[in-house]
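Everything below concerns the one structure shown next.
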Amino acid sequence: MMKKMFLHTIKFSSFLLFVFVAYGQNPLSISELKTNGTSGFPQRNAKVLIDDQHLRVSIVNDSNYLAVQAIIWKDNDNQLGKNSVGQISGDYSTLLVSTENGNKRNPDVDRSYSVNPLPHLSGLYYSTYSGKRKFIKTLADGTKVTYEAEATSPLKSDSKGRGNIEYVVVEEGQRIRIDTMLIPLAELNKKVADNLRVCYFVSSSSPALKFNSCGYQSKKDYFDQDILARYYQKIALENAPSTELNKLLP
């Protein structure tokens with residue numbers, strides 16, 4: 001028998017956030033959230049990349065998929081705002097990937113997967129690392145200067161993976177942002193027993209927050225692509241027991 005549902009609609013900026021509450025269903029406590037995860041994420045089999053007052057990131061894989069779930073403790077809505085370069089931005093996160101064993105990324109191979117990368121793009125997108133490219137910048141006096149910087153391809157949406165951002169009300173009454181993504185190992189050119197180097201980056205414009213799993217720090221504002229590959233965390237891809245990641249985020 002289907003449970004009756006209440007639909008609560010809360011308006012944030014130009015978006016509508018829908019929160020469903022079922023009769024007889026108690027919210028998770030913070031302790032249960034940390035132990036069990038949410039939305040079907042197999043937290044008990046996952047490795048925790050970081051767990052502090054700002055961010056908790058867990059990662060797990062089976063023979064076909066890599067899954068990541070991030071809890072951003074102090075972000076409770078998806079209100080839009082402007083970033084440091086004046087662009088309208090919302091909540092998004094990125095998994096930066098390096099398939100190399102050293103401190104560099106592999107051009108035209110390594111990808112960055114993002115959930116909701118732009119306000120009008122929801123779900124999972126990716127870009128491919130392009131290596132260093134030359135760019136031309138025009139100064140205020142009209143002088144053109146050539147400089148070199150790392151570049152990525154335009155965002156693409158044809159991944160066979162999935163991703164979402166949700167806002168969960170816990171037993172303590174706090175609303176918490178949770179980001180989840182599911183990525184096929186084949187898209188990473190990896191399989192069980194291989195190593196992978198990753199860094200998970202989260203951003204919010206309101207409240208203004210930026211955190212990452214790999215310990216990168218900057219005295220000025222930064223974006224996901226600014227995190228150097230030498231900071232990425234090395235993980236071993238192990239086939240988690242009794243895990244069916246293909247059922248995550250149906």
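In segment 186-200, what count of residues is obtained for those that are in a strand (DSSP E or B) and charged (D, E, K, R)? Show your work before the answer.
So in segment 186-200, the residues in a strand (DSSP E or B) come out as 195-200.
Add one more test, that the residue is charged (D, E, K, R), and what stays is 197.
Matching residues across segment 186-200 total 1.
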Pair list, Cβ under 6 Å, 6 or more apart: segment 124-145 residue free of Cβ contacts under 8 Å to residues at least 40 places away in the same chain, other residue of a type in the set (Lys, Arg) and assigned to a loop (DSSP other than H, G, I, E, B): Tyr129/Arg105
Odd one out for Val85, checked against (1) outside any strand (DSSP E or B); (2) touching a residue at least 12 places away in the same chain (Cβ under 8 Å): (2)
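Among Ser127, Ser157, Ser114, Ser203, which is modelled with pLDDT of 95 or more, exposed (fewer than 12 other Cβ atoms within 10 Å of the Cβ) and either under 18 Å from Ser93 (Cβ atoms) or hydroxyl-bearing (Ser, Thr, Tyr) (or both)? Full working, then the answer.
On the way: Ser127 fails: exposed (fewer than 12 other Cβ atoms within 10 Å of the Cβ); Ser114 fails: exposed (fewer than 12 other Cβ atoms within 10 Å of the Cβ); Ser203 fails: exposed (fewer than 12 other Cβ atoms within 10 Å of the Cβ).
Result: Ser157 is the single residue among Ser127, Ser157, Ser114, Ser203 that is modelled with pLDDT of 95 or more, exposed (fewer than 12 other Cβ atoms within 10 Å of the Cβ) and either under 18 Å from Ser93 (Cβ atoms) or hydroxyl-bearing (Ser, Thr, Tyr) (or both).
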Selection status of Gly131, on the phi > 0 side of the Ramachandran plot and either assigned to a strand (DSSP E or B) or over 11 Å from the mean Cα position of the chain (by Cα) (or both): yes
Residue match in segment 229-249 (condition: among the hydrophobic types (A, V, I, L, M, F, W, C), within 15 Å of the chain's Cα centre (by Cα), over 17 Å from Ser159 (Cβ atoms) and at pLDDT 95 or above): no
Residues located in segment 206-243, provided they are touching an Asp or Glu at 6+ places or on another chain (Cβ under 7 Å) and under 27 Å from Asp62 (Cα atoms): Leu237, Asn239, Ala240, Thr243
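Mind checking whether some residue in segment 201-209 is over 26 Å from Leu118 (Cβ atoms), touching a residue at least 12 places away in the same chain (Cβ under 8 Å) and outside any loop (DSSP other than H, G, I, E, B)?
The answer is no, given that none of the residues of segment 201-209 is over 26 Å from Leu118 (Cβ atoms), touching a residue at least 12 places away in the same chain (Cβ under 8 Å) and outside any loop (DSSP other than H, G, I, E, B).
The values are calculated or read from the model by the stated rules, or taken from the named source; none is laboratory data. These numbers come from a predicted model, not from an experiment. Cβ atoms come from the backbone with ideal geometry, glycine included; neighbour counts cover every protein chain shown.
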